[in-house]
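Down below is the structure, laid out as structure tokens.
The values are calculated or read from the model by the stated rules, or taken from the named source; none is laboratory data. The structure displayed is predicted, hence computed values, not measured ones. For neighbour counting, all protein chains shown are included, and Cβ atoms are generated from backbone atoms with ideal geometry for every residue, glycine included. Ligands, DNA and RNA are excluded from the accessible area calculation, which covers all protein heavy atoms including side chains. Shrake-Rupley method; radii C 1.70, N 1.55, O 1.52, S 1.80 Å.
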Amino acid sequence: MTTAFAAATWLVWQNDARRMEFETDEYGAYEGLTHLKLQKLLYFAQGIHLALENRPLFPEKIMAWKHGPVVPEVYQKLKIFGRGAVSIEDTPKNVEAVEDISDNEVESLNLAYDNFAIFTAWQLRNMTHEDGAPWDVTVREHGFNAEIPTELIREYFARNVIENA
């Protein structure tokens, strides 16, 4: 199992690699990842991995904050970027974390990135707020800042994302 920060690092590096690959990206499909968008991609990656592998991608809790699911540990490390694009230095510590991600974990991260990074941060935020989605259920039952249960995420993604893919 990887960590949420290693998964976030992988997503940022993947996005940066795609941006460099398509230097003439006239449609802005590969804009920098904002913290809001990165948090939603982590949530989608966790949900996909739970549905496919029946185990978490990372052990950190996902909380129901005002603008959707958030991994607080990642938020604390990256909040310095505010609303701007997140960048993660290519330090040995970060490289080692990403190198330790298993093939199954990379598959889930790729599926999340390929299927959801095409949306804006606000579109992803709105997807997490849909009626019956884990964030919505958690907020209705427990209010903001409550943990979104892993089993609720797994069931939702198995039923509504993987099954409909």
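On alpha-carbon atoms, Rg over Rh for the chain using Kirkwood Rh?
Numbers: Rg = 15.0 Å, Rh = 15.9 Å.
Taking Rh as the inverse mean 1/r over Cα pairs, Rg/Rh reads 0.94.
From the alpha carbon gyration tensor of the range 29-75, can you work out the equivalent ellipsoid semi-axes (sqrt of 5 times each eigenvalue) and give them in Å, largest to smallest?
In descending order the semi-axes read 19, 14, 9 Å.
Which percent of the accessible heavy-atom area of the chain goes to carbon and sulfur, probe 1.4 angstrom?
51 percent
Enter the accessible area per residue of the chain (Å², integer; probe 1.4 Å; all protein chains in place).
53 Å²
As an exercise, use a Förster radius of 35 Å and the Cβ-Cβ distance of residue 146 and residue 81 to find the FRET efficiency, rounded to the nearest 0.05.
FRET efficiency, residue 146 to residue 81: 0.85.
In vacuum, with every alpha carbon of the range 106-165 counted as one equal point scatterer, what does the Debye formula give for log10 I(q)/I(0) at q = 0.23 Å⁻¹? Two decimals, please.
One equal scatterer on each Cα of the range 106-165 leads to -1.10.
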